[in-house]
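The values are calculated or read from the model by the stated rules, or taken from the named source; none is laboratory data. Quick caveat, the model's predicted, so the values are computed rather than measured. Cβ placement follows ideal geometry from the backbone for every residue including glycine, while neighbour counts extend to all protein chains displayed. What goes into the accessible areas is simple: the full protein's heavy atoms, side chains included, and nothing from ligands, DNA or RNA. Shrake-Rupley method; radii C 1.70, N 1.55, O 1.52, S 1.80 Å.
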Amino acid sequence: MISIQLPDGSQRQFPGPVTVAEVAGSIGSGLAKAALAGRLGTGAASKVVDTSHLIEQDATLAIITEKDADGLDVIRHSTAHLLAYAVKSLFPDAQVTIGPVIENGFFYDFSYHRPFTPEDLAAIEAKMTELAKKDEKVARRVLPRDEAVAYFKGLGEAYKAEIIASIPANEDVSLYREGAFEDLCRGPHVPSTGKLKHFKLMKVAGAYWRGDHRNEMLQRIYGTAWATKDDLQQHLHMLEEAEKRDHRKLGRELDLFHIDEHAPGLVFWHPKGWTIWQQVEQYMRAVYRDNGYLEVKGPQVLDQSLWEKTGHWDKYRENMFTTESEKREYALKPMNCPGHILIFRQGIKSYRDLPLRLGEFGQCHRNEPSGSLHGIMRVRGFTQDDGHIFCTEDQILDECTAFTTLLQRVYADFGFTSIIYKVATRPDKRIGSDALWDKAEFALMESLRRSGCEFIVSPGEGAFYGPKIEYTLKDAIGRQWQCGTIQVDPNMPERLGAEYVTEAGDRATPMVLHRAIVGSLERFIGILIEQHAGALPTWLAPVQISVLNISEHQADYAQEVAKALQKQGVRVSTDLRNEKITYKIREHSMQKVPFILVVGDKEKANGTIAVRARGNQDLGVMSLADFSSKLADVIAQKA
């Protein structure tokens, strides 16, 4: 007898070896129909297998359907194979290479004598739909490595043969067949192609074979696949929205910044973009001031010996910009932490000085690969709202609790209310005692509990020196951005000799909490631009008011209105051009200005203004005093 334990704790007995599909069928016909795969075992040792997998001994089994994350991965993996099947059906001379699952979808690389066109892409997608409707069984078989090499060479699939030849000679390889197409793959896959219904091909791009520029340039077809039609439509809608909100496009249209070939990965801020920057920085500077942080400023260039002590010279050097002077090696700092510890070391510190909170708008440089650069979201030079809290072990809990509360308030002011909390715990390779890890991990988790936050635990994802909380915000179209963090670190202060005098008069190493709320200001401003589709809230908008005159007779009055608002600290522009008022209103609306004030003869005579709010809202005619009062409320409330 074979005993199968199910996730609810119940057990099912079978007289002999049994497949995953048969176990699902014994539970119910509905589950048998919905089954895509099975998960054998529990925890890190578990593995996902085909529904045809034969279970030959007692096991723990969970049936995977489209409702499970594993099920979605199986669907996407199988859809990649369906794509290759369709390409081979339409273009028999094409050679297949690899086709993995990626975030939100899959890709497959092909070698073909000419570029695939948009028309080809449409034909391939149509063929995929046709093949899926055949509901052909997906069957697995195993071959010895050399036999598999010979098999694919016989098919003319040189790339597949090369991949298999790199596998150790004593290993078998698995192949999956659907209809006339067979592919090398570890699996698992859906039981039949009829399970693949909701997919779309997105684009074609170039990709070097094995990622080496010396090899042939292949054609990579990207696709997305989902469990339901609604999920697919929501994803495609999100992509459309993301394209409209692309901060690079809006940066050009709103004249905020540009990236120049003379400084790749570095940002040229235009006046309006720099105004946004200043609003974010000054807001965060007030956060520092009001929450017990002392603002500091460290140098950007630091000696090699310091980076050797921190470990960066050995493990991170390729990502650092280095320079030399008078036969000494230096590096542009990729992070602010060592500088803050050097500041802490100046003078004797007592336990009475702790917690000591230092903050800096520190400019950092990292030599990111050119292919990873992305507008102002991923750059080589960036400024962080970087803070370091020097404290005792017993102060970690209170400091983390206060930080989470502060972060929530800051994110809400910027328009983000949905936050995902993740605690990354000790990895296998780590330093420090288990007692210290226990205390630090408990403090991080308890701080979130005290703040009323549900959180995810990510086992083993902490740094080698300490655990951390990652704060990920969701934007208006559901995308996730990991920005904030707080991380426990006893390692770097010890390496750099930071000490304080305890109550007993002994010397001790402080804990350091690395913390950031918005992280890189460049990246956060890019996120803000996309979150608000360029229509930033009034308190952040680079131009808050545009004053437009109908004719030259009101030019002086328009300037008086603008000057009165400027004296109140409002960011105002005037448009006195001899253009039709409808044209001027449209132009300033396209620039996403929160309020447009129109003045004609009647407004000039009565000392009033006609107010239009963003979104084509006509707020009517009012006095400047009334409008100023309303505007002050909107700005103060960060609405």
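A few notes on this one:
- Sequence-distant residues sharing a close amide H with Gly519 (under 5 Å, placed H): Asp385
- Here each label is just a point 7 Å from Cα along the line to Cβ, and for Glu147 and Asp394 those points are 7.0 nm apart.
- Distance violations [Cα-Cα > 29 Å] among Lys563/Lys638; Lys297/Lys429; Lys47/Lys195; Lys195/Lys474; Lys244/Lys474: Lys297/Lys429; Lys195/Lys474
- Order by protection proxy (mean Cβ within 10 Å, highest first), peptides 111-122, 431-442: 431-442, 111-122
- Span from the the stretch 8-84 Cα centroid across to the the stretch 152-221 one, whole angstrom: 23
- Within a straight-line Cα-Cα reach of under 22 Å, Lys580 can be paired with the following lysines, leaving aside sequence neighbours fewer than 8 residues apart in one chain: Lys592, Lys602, Lys604.
- The stretch between Met590 and Thr60, if pulled fully straight at 0.36 nm per residue, gains 184.8 nm over its current Cα-Cα span.
- Under 23 Å from Lys197, Cα to Cα: lysines that are on another chain or at least 8 residues apart: Lys33, Lys67, Lys88, Lys127, Lys133, Lys134, Lys137, Lys229
- Solvent-accessible surface of the chain, taken per residue with a 1.4 Å probe and all protein chains present: 48 Å².
- Distant-in-sequence amide contacts of Thr19, defined by a placed amide H-H separation under 5 Å and a gap of 5 or more residues or a different chain, comprise Ile55.
- Antiparallel bridges, percent of DSSP beta bridges restricted to the chain (to nearest 5): 85
- Counting DSSP beta bridges with both ends in the stretch 389-478, the antiparallel % (nearest 5): 65
- Accessible surface of the stretch 103-209, 1.4 Å probe, proportion on carbon and sulfur as whole %: 51
- The candidates Ile27, Ile396, arranged from most to least accessible area with a 1.4 Å probe in the full protein assembly, appear as Ile27, Ile396.
- Karplus-derived 3J(HN,Hα), 6.51/-1.76/1.60, for each residue of the stretch 116-127, Hz, glycine and proline x: 6, 9, x, 5, 4, 4, 5, 5, 5, 5, 5, 5
- Derived scalar couplings ³J(HN,Hα) [the stretch 139-153; Karplus, 6.51 cos²θ - 1.76 cosθ + 1.60; whole Hz; x for Gly, Pro]: 10, 9, 9, 10, 10, x, 4, 5, 5, 5, 4, 5, 4, 6, 5
- Percent carbon-and-sulfur accessible area, the stretch 373-494, ignoring ligands, DNA and RNA, probe 1.4 Å: 47
- Note on the chain: helix-only mean residue ellipticity at 222 nm, from DSSP H runs of 4+ residues weighted -39500 (n - 2.57) and normalised by residue number, equals -11000 deg cm²/dmol.
- Centre-to-centre, using Cα atoms only, the stretch 386-452 and the stretch 293-325 are separated by 26 Å.
- Zone residues, the stretch 72-90, relative to Arg186, backbone N less than 18 Å from point 7 Å out along Cα-to-Cβ: 72-81
- Residues whose amide H lies under 5 Å from that of Glu329, counting only those 5 or more places away or on a different chain, are Gln304; hydrogens are built 1.01 Å from N in the peptide plane.
- Cα-based shape type of the chain, given that a ≥ b ≥ c are square roots of the gyration tensor eigenvalues and the cut on a/c is 1.5: oblate
- Each peptide in 446-453, 331-338, 42-49, 554-561 receives the mean, over its residues, of other Cβ atoms within 10 Å, and ordering these scores from highest gives 331-338, 554-561, 446-453, 42-49.
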